[in-house]
Structure formats: C-alpha cells, structure tokens
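**Student:** Please read through the structure below; I'll follow up with questions.
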Amino acid sequence: MDALIIALLFISGIAGGMINALAGGATLITFPVMLAAGLTPVIANASNAVAVAPGHLIAAFADREKLPTANKQLIISLLLCVVGGVLGALLLLTLPDRLFVLPVPALIAFATLLFALAPAISAWAERRRAGAEASGMHGYAALGVASIYGGFFGAGLGVILTAVLSLAEPNDIRKVKVMKNLLATAVSLAAITIFIVQGAVQWRATLIMLGGALLGGYVGGLLVRVLPASVVRWFVIVAGIVMSIVYARRYWF
C-alpha cells in the first residue's frame, strides 16, 4: 500500500466523519475509496462498514434526553435489527465479487437519491405526528427489510430507517433521529461482527480510515455550529451522482 492510498484512506475517513457529523452519508465517500485502494468489492464493503460504524453509536448518545426506554417495542426492534444485520452480512459474503459488483452502481445511486430526499422524509415525519398510527406488524416488517439492506450495503440506511420509524407515530423528529441512530448501531454491530468472524475485513485499510473518521467526527462536531449542513449535503449528492456514473461505466459497460 503506497503513500498515496494511505493518504486517500485517511483523508476520506476524515471527510466521512465530518459528513456524518454534519449531514450523514459518509459511505458514499468512503466505500469508493476502499475500492480504489485495491480491495475487492465485498472486502471493501465489509471493511468500510467497520471503519464508519462508530459514528452511529456516537450519534445515538449525542441526544441522551431522547433515548428510548427499554420497553418491549425497543427490544423487538433491536432484535430485528440484529437479525437483519446478520442476514444482510451473510448474504453479502455468500455472493461472489462478480455478482456483488453488478448492483453496486444502482445501490450507490439509490443511496444518493435517499440522501437527497432526506429533508423531505424528515418533513414527512413531522407531518406524521397528526396522522393515524401505522400497523405495528407492518412497521416491524419494514424495519426487518431495512436491516437486511443495512447489513448488505449500509449507504442510505439512516434515511431508510428515518422513513420506517416515522410510520410508528413519532412524537418528534429528535426522537426519530435518536432511535434511528440506535437501530443503525445494532445493524452495524451485527454486520461487522459477522465480517470480522469471517475474516472479511482488511485491517490495515480499515484502521487507517477509522482513525481519519474519528478525527473527522470530532472536527465535524465543532464545525456543525458554523458550517451550513446544506453545503455538505450538496457535496455528498454531487459526489454520489458522479460515483454512480463512474461505477456504472466500470461494471455495466
């Protein structure tokens, strides 16, 4: 691994940590850099998942006042996320690289679209306060599907969970965001446990990016007070569009 790749991994980790702190969507930046470092797509995805995982846990405890109580609904939701994360990770590891790369451009494009629609989803969640309560079983089913997706390919998971949780009659958007981060943590930890046990993590690249991500998260926490999140959002959206096109040309044409 040459100096340029090491620098790219560390810098992308910093960028990813800052982006997660300001707006979310780090995977759209960090996953392609793992590919550029020469990792196979499956190993790149698993390694990236480990590198960016701490961000969910940090965000989950950033707003302690809105942490949910340990009731039956929370336990079921966490168990679903753990099971979904495990299933998604196992699905990823059973696919040969040549099959995994086929949906990669579409997955990046899908995650970019979800990221772009995140403000609209949040606004919709706000409007749901006065709406009718959704079916609990439908909500659990949607959560299970979202968790499997998160274990398989984590980009955009936060936005998907925001949409799913808003169906469960959220009292306020802060509660939705905290719950989203808590459930995303469960999905991530379940998935990365499988990746680590199965030896699917390239530790050198992962630790370099993880170091950058931790630094970026700290810096992002300072910048969140002065830098408009809209600036970061548009950077991620444009980067996601460009990467969707680049990887579509690489894997589809």
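The values are calculated or read from the model by the stated rules, or taken from the named source; none is laboratory data. Just so it is clear, the structure is predicted and the values come from calculations on it, not from any experiment. For neighbour counting, all protein chains shown are included, and Cβ atoms are generated from backbone atoms with ideal geometry for every residue, glycine included.
**Student:** State all residues of the range 10-28 that are touching a Gly at 6+ places or on another chain (Cβ under 8 Å) and either polar (S, T, N, Q) or not in a helix (DSSP H, G or I) (or both); if no residue qualifies, say none.
**Tutor:** Matches in the range 10-28: S12, N20, G24, G25, A26, T27.
**Student:** Here's a follow-up. How many residues, within the range 99-124, are within 17 Å of A163 (Cβ to Cβ) and of a type in the set (V, I, T)?
**Tutor:** 2
**Student:** Do we find that V83 is more than 30 Å from P228 (Cβ to Cβ), of a type in the set (V, I, T), in contact with a Phe, Trp or Tyr (Cβ under 8 Å, 6 or more places away or on another chain) and part of a helix (DSSP H, G or I) in this structure?
**Tutor:** Considered against the rule, which asks whether it is more than 30 Å from P228 (Cβ to Cβ), of a type in the set (V, I, T), in contact with a Phe, Trp or Tyr (Cβ under 8 Å, 6 or more places away or on another chain) and part of a helix (DSSP H, G or I), V83 comes out as no.
**Student:** Please state which one of L215, L210, L167 is of a type in the set (A, V, I, L, M), surrounded by 17 or more Cβ atoms within 10 Å (Cβ to Cβ) and modelled with pLDDT of 75 or more.
**Tutor:** Of L215, L210, L167, the one residue that is of a type in the set (A, V, I, L, M), surrounded by 17 or more Cβ atoms within 10 Å (Cβ to Cβ) and modelled with pLDDT of 75 or more is L210.
Residue by residue, here is whether (1) farther than 22 Å from G156 by Cα; (2) modelled with pLDDT under 85; (3) assigned to a helix (DSSP H, G or I) holds:
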{"position": "A191", "(1), (2), (3)": "no, no, yes"}
{"position": "A200", "(1), (2), (3)": "no, no, no"}
{"position": "R225", "(1), (2), (3)": "yes, yes, no"}
{"position": "G240", "(1), (2), (3)": "no, yes, yes"}
{"position": "I245", "(1), (2), (3)": "no, no, yes"}
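**Student:** So, A59, is that one within 20 Å of V236 (Cβ to Cβ), in a helix (DSSP H, G or I), out of contact with any helix residue (DSSP H, G or I) (no Cβ under 9 Å at 6 or more places or on another chain) and modelled with pLDDT under 90 or not?
**Tutor:** So A59 does not fit the description; no.
**Student:** Working carefully through the options K180, K175, find the one that is modelled with pLDDT under 90, surrounded by 23 or more Cβ atoms within 10 Å (Cβ to Cβ) and of a type in the set (K, R).
**Tutor:** Unique residue meeting the criteria: K180.
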